[in-house]
1. Under the Karplus relation 6.51 cos²θ - 1.76 cosθ + 1.60, θ = phi - 60°, what is the ordered set of whole-Hz ³J(HN,Hα) values for the range 40-52, x standing for Gly and Pro?
2. Find how much the distance from A254 to E92 grows on full extension, using 0.36 nm per residue of separation minus their present alpha carbon separation; answer in nm with one decimal.
3. Counting other Cβ atoms within 10 Å, keep those with at most 12, restrict to DSSP loop, and tell me which trypsin sites (Lys or Arg not before Pro) in the range 281-334 are left.
4. Among the GluC sites (Glu not before Pro) in the range 1-105, which ones are in a DSSP loop with at most 15 other Cβ atoms within 10 Å of the Cβ? Mind listing them?
5. Cα centroid distance between the range 105-183 and the range 219-292, in Å?
6. Give me the 1.4 Å probe accessible area per residue for the chain, excluding ligands and nucleic acids, in Å².
7. What percentage of the solvent-accessible surface of the chain, computed with a 1.4 Å probe over protein heavy atoms, is contributed by carbon and sulfur atoms?
8. Could you tell me which residue out of Q125, L157, V95 lies farthest along the dipole of the range 67-171 toward its positive end? Charges go on the beta carbon: Lys and Arg +1, Asp and Glu -1, centred on the Cα centre.
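The values are calculated or read from the model by the stated rules, or taken from the named source; none is laboratory data. Since the structure is predicted, the reported quantities are computational estimates derived from the model, not experimental observations. All Cβ positions, even for glycine, are placed from backbone atoms using ideal geometry, and neighbour counts span all protein chains on display. These accessible areas exclude ligands, DNA and RNA; they are computed on the full protein's heavy atoms, side chains included. Shrake-Rupley method; radii C 1.70, N 1.55, O 1.52, S 1.80 Å.
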Amino acid sequence: MSRLGRAANRAADLLFLPPLDRLWLRRLRGKVLCLLYHRVDEPGREPFLDRFGVPPIPPEELAAELGVLQRRGARFLTYADLRAGRFPTGSEFGVIVSFDDGLRCNYEEGMDVLQGLGIPAVFFQSTAMDAGGELVWEHALYWYGAHPTLAPRLEQLARQRLDLPADLEGAALIARLRDGTPVVRVRELLAELAEHWGTAGELAAAAERLYPSGEHLRRAREAGHELGSHGHHHVPRCNISPEAFEEELSRSAAELEQVLGEAPRAFSYPFNSHLPGDAEICGRHYLQVATVDAALVTPASPALDLPRFTWPGPHANRLRRRRWLSTGTLAWPGR
């Protein structure tokens, strides 16, 4: 964005002064604003996730955001409510609070916030993120990428095995491996590193710290929250075959059913990665599919294409926060 564009975007924050709330709320009436968060945690607690993953939202910030919506009169819903036909009337607006990935902090710090406000939410769980297992490929990649001595080994091995440019390093290398490399090749790299450097125990300890147990999931369900699927291994659809994608869907549904005693009805795409025809595949296993395609949900929204807005990161000021909560975006013009 140019300097002039940034200045105009900052000036647009003034459109979200409290006296203008009524205008923005009118835009939301009869619709559902679906918000997506990934990690409710304090910055610095997990440096390797801070460095390569999405930024965490501190619990007090999440409470402040949801409190604003609550004071505005939001009707908080889940995807189960939409399946049951409980849609906001033309005089009210709905909000769905959702969490992707399924990190342990969401079931602890995040649930504390939700319980304090009396708000239901939807937790989309990647079932391979289990406290009794190991780090999923993406988090293992971040762990090696942030390791002071093993990061150069990862870079060297990636260049050898994948014929990557010699100047590709750091965050750019991690992004290439995560977003533009077949997952099977990345797993081969990680397995070779673990075997050569004996890091399996450290990775398992990180998984124990980061991921929830089945008891976390059951407590969330008992507290009135909905559990959905986020696939099993949390892989981008663009980097796996249709057959592997469907295996991710079915395996995740089966594992959640084993833990909770009932199959999940909603699914969200890892990385919001999806291809033409994927909704049909998802429809064989789930009744609803959540995307991150940045639009409001209306009664006409297809059940297999329910858009959400993802948290844009720490806000520069309170008006910027109000802007995000009114429109779901910080871009201009807002949609």
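1. With the stated coefficients, the range 40-52 comes to 9, 6, 7, x, x, 6, 10, x, 5, 6, 4, 6, 10 Hz.
2. Length gained, A254 through E92: 54.7 nm.
3. For trypsin sites (Lys or Arg not before Pro) across the range 281-334 that sit outside H, G, I, E and B with at most 12 neighbouring Cβ atoms in 10 Å, the list reads R284.
4. Sites meeting the loop and neighbour criteria: E92.
5. 19 Å
6. 45 Å²
7. In the chain, the share of accessible area belonging to carbon and sulfur is 53 percent.
8. Ranked along the dipole, the leading option is V95.
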